[in-house]
Amino acid sequence: GEISSQVGINYGQLGDNLPSPEKSVKLIQSIGAKRVKIYDANPDILNALRGTDLQVSIMVPNQHLTNISTNQKLADSWIQSNILPFYPKVKIRYLLVGNEVISSSPKEIWYSIVPAMRKIKNALHTHRLNKIKVGTSMAMDVLESSFPPSNGTFRSEIADPIVKPMLQFLSRTKSFYFLDVYPYFPWSTDSNNINLDYALFVSRTIKYTDPVSNLTYSNLFDQMVDSVIFAMEKLGYPDVRIWIAETGWPNAGDIDQIGANIYNAATYNRNVIKKLTAKPPVGTPARPGRVLPSFIFALYNENQKPGPGTERHFGLLYPNGSNVYGIDLSGKTPDSAGVNASELGSALSYACSQGNKTCDPIQPGKECFKPDSLVWHASYAFSSYWSQFKKTGATCYFNGLATPAAKDPSKF
């Protein structure tokens, strides 16, 4: 069927300070989301979604895959317990069998993914729940190579035994390849060679032409998605539809995690939403004009997620329900430049009004005036303010527009 370009949100629950499911559902509606994805089949959340217009994606957690893959009765019982009590009052439309299993689970579980997907699909069919699409989510690390995009290839140990039968299943059931795409990570590990503006969709001049396909790219997101499309093509499945299961940019991180700040997060998410909701659809160079249905990651900053600081700072909202930055998933948010510029301008004025010649070198004609850019002037002013006033208890926060860094900020 026709799939809409409306953007959804990932509702993670790894926080000890998150609002109730009822309040969370209201917040999801308030930011313009039309879909929501959860990482289990939490009955409290599903009850809160009852009667709403939100399309819902639920998940069989990774730890259940091995047992379900060999036991049809267990798959039936999972559907009976987790879907039948809620459907159709809750618009469950997608059921993911595991989350990034290849990236996050022991190798022996990998081979359970496709048999478990088949058993779950059979169970849905038994209960005539044929509207619910079955898939599983994959991160970019399932690729052996992704550059140039035409060279996209699945890892040799998973290509034939796991990915090929999975693509066959998705093709036969007209489902989607659910893909997690985070330009932040390749950019942050190779910021000398990948331009930040290219990763944030703001460059108008940087282009990359794939030497084999001759397709031209203007942003990193398209490159990443197309590398998966080319990898699928190599396995004989050029037409399986892509669903962006997760994408986003961290709004904060550890001191050595460059580029993780509110300004960049707002810029990336506003721009990716604009791309994903464009009418007519934009698609990617390998599949122009095709809708890319999607979920942005994530609803909240989640304080119990393990790993580096960025992991706990992907939220559009703070746990108290307030916005980390203004955003509307319907695509109606004003350009990031306009909103961020006014906030940045105010913060710059504040930093420069504290005396001590904080901003003298960025005045017209002085040594740091050029480049004459609000962002660069603010970067200088915030650094200058921080170095002079930190000993008196000042912070380097500026309403989330600044962050201390251990690396040279000119590489941001």
I'm checking my understanding of the structure. Among residues of the range 169-196 that are surrounded by fewer than 18 Cβ atoms within 10 Å (Cβ to Cβ) and modelled with pLDDT of 95 or more, which one is farthest from residue 130 (Cα to Cα)? 185
Can you find a residue in the range 253-263 that is open to solvent by 10 Å² or more (accessible area, probe 1.4 Å), out of contact with any Pro (no Cβ under 7 Å at 6 or more places or on another chain) and over 28 Å from residue 318 (Cβ atoms)? no
Scanning the range 302-316 residue by residue, those on the phi < 0 side of the Ramachandran plot and either touching a Ser or Thr at 6+ places or on another chain (Cβ under 9 Å) or open to solvent by 20 Å² or more (accessible area, probe 1.4 Å) (or both) turn out to be 303, 304, 305, 306, 308, 310, 311, 312, 313
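Residue by residue through the range 264-285, note down the ones that are in contact with a helix residue (DSSP H, G or I) (Cβ under 8 Å, 6 or more places away or on another chain) and either buried (at least 22 other Cβ atoms within 10 Å of the Cβ) or at positive phi (or both). Break it down stepwise before answering.
The first filter runs over the range 264-285 and keeps only residues in contact with a helix residue (DSSP H, G or I) (Cβ under 8 Å, 6 or more places away or on another chain), leaving 264, 266-268, 270-272, 275, 282, 284-285.
Scanning the range 264-285 gives 264, 266, 267, 268, 270, 272, 284.
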Log entry, pairs with first residue in the range 192-217 being outside the structural domain of residue 285 (by the TED database), second being part of a loop (DSSP other than H, G, I, E, B) and open to solvent by less than 70 Å² (accessible area, probe 1.4 Å), beta carbons closer than 7 Å, six or more apart or on different chains, reads none
Selection status of residue 212, among the β-branched types (Val, Ile, Thr), under 23 Å from residue 154 (Cβ atoms) and not in a helix (DSSP H, G or I): yes
Scanning the range 215-253 residue by residue, those of a type in the set (D, E, K, R) and assigned to a strand (DSSP E or B) turn out to be 241, 246
Out of all the residues in the range 264-271, is one or more in a helix (DSSP H, G or I), in contact with a Gly (Cβ under 9 Å, 6 or more places away or on another chain), at pLDDT 90 or above and aliphatic (A, V, I, L, M)? yes
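Can you pull out every residue in the range 103-115 that is assigned to a helix (DSSP H, G or I) and of a type in the set (Phe, Trp, Tyr)? Spell out how you get there, then give the answer.
Residues of the range 103-115 assigned to a helix (DSSP H, G or I): 103-104, 107-110, 113-115.
Within the range 103-115, 110 is the sole residue that qualifies.
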What single numbered condition from (1) over 19 Å from the mean Cα position of the chain (by Cα); (2) charged (D, E, K, R); (3) buried (at least 22 other Cβ atoms within 10 Å of the Cβ) fails to hold for residue 207? (3)
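The values are calculated or read from the model by the stated rules, or taken from the named source; none is laboratory data. What you see is a predicted model, and the numbers here were worked out from it, not measured in a lab. Cβ atoms come from the backbone with ideal geometry, glycine included; neighbour counts cover every protein chain shown. The protein model used for the area step is the full one, side chains on, heavy atoms only, and it has no ligands, DNA or RNA in it. Shrake-Rupley method; radii C 1.70, N 1.55, O 1.52, S 1.80 Å.
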